[in-house]
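Have a look at the structure below before the remarks.
Values quoted throughout were computed directly from the atomic coordinates according to the rules given, and no laboratory measurement underlies them. In this text the structure is predicted, and so the values were computed from the model without any measurement. All Cβ positions, even for glycine, are placed from backbone atoms using ideal geometry, and neighbour counts span all protein chains on display.
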Amino acid sequence: MWEGIDEPLAEGNWPLVSASPIPYFPYSQVPRPMDRSDMDGVRDDFVRAVRMADQAGFDLLELHFAHGYLLASFLSPLTNRRDDEYGGSMVNRLRFPLEVFDAVRAAWPAAKPISVRLSATDWKDGGLQPADAVEIARALGVHGCDIVDVSAGNTVPDQAPAYGRLFQTPFSDRIRHEAGIATMTVGGVASYAAVNSILSAGRADLCVLARAHLYDPYWTRHAAREQGIELPWPDQYAPVGSYVPRGAPRDGR
């Protein structure tokens, strides 16, 4: 970020595809608008990735419909200027992301959950607004999404975000209650007191912390201990003299 966030390379930038041929910065490379063949290829790539994730033993998938990434480029009117069946109305802009979601859901075991990350607002006039996010989340619920990870922004460089403590939790709160789907909240959540208040107030079903765990990788364990809860440590952290291999008798024999 301190070297210039989202700046293109001076040379060697790879070709891009997107919903529409709109560069991120005026001097960024111009993406090629996706055609039906591109869409089929991307959908099939997602399905291959899902099958590998299942084989690798992952328990949860999250599809990225936020922050200006490929599927998000179809959702926002700031990045989707198409005049075919994949542009214009919200129903049309949702069409390709839902095609990908449906293919992923069909390939992922029914007993395993799927999350989708959304930008609840683009932080710019003419872009996605919280009411749009409710509509998108409601459609995802109909298609079998289990939980929505509610974020915001990062769609266009001239956004005007309103940062602050728990600054994205109101979006999670609204989606959870109006769309009737479970949510995760992210952004500005730093203390276990904030986590407890969000969950007890029903503003989200899960709280997601990133930078707090970069600062303290054991944040969750420390938060639990400060509240009188002792979590078992992995065997790798146990004192050498007290280590007992898994499955071995623990009576000294």
Item checked: Residues whose placed amide H lies under 5 Å from that of D149, excluding near-sequence neighbours -> V116, R117, L118, M184
Notebook entry, point to check: Which far-off residues, 5 or more places away or on another chain, put their amide H under 5 Å from the one on R32, with H placed in the peptide plane?
Noted result: L16, V17, S18
Check: Okay, helix-only estimate at 222 nm for the chain: each DSSP H run of n ≥ 4 adds -39500 (n - 2.57), divide by all residues, round to 500 deg cm²/dmol; what do you get?
Finding: -11000 deg cm²/dmol
Check: If we sort 163-171, 127-135 on the protection proxy, mean other Cβ atoms within 10 Å, highest first, what's the order?
Finding: 127-135, 163-171
Check: Tell me, what HN-Hα J-couplings in whole Hz come from the Karplus equation 6.51 cos²θ - 1.76 cosθ + 1.60 at θ = phi - 60° for each residue of segment 115-127, using x for Gly and Pro?
Finding: 10, 10, 8, 10, 8, 6, 7, 8, 6, 8, 4, x, x
Item checked: Extreme residue, positive dipole direction of segment 29-209, given options L118, P77, I198 (C-beta unit charges) -> I198
Next item on the list: Pull up the DSSP beta bridges for the chain and report the antiparallel fraction as a percent, rounded to 5.
Entry: 0
Check: Hey, if you put +1 on the Cβ of every Lys and Arg and -1 on every Asp and Glu Cβ in the chain, which of Y218, V100, V50 ends up farthest toward the positive end of that dipole?
Finding: Y218
Notebook entry, point to check: Roughly how many debye, to the nearest 20, is the charge dipole of the chain about its Cα centre, given +1 on each Lys and Arg Cβ, -1 on each Asp and Glu Cβ, and no other charges?
Noted result: 680
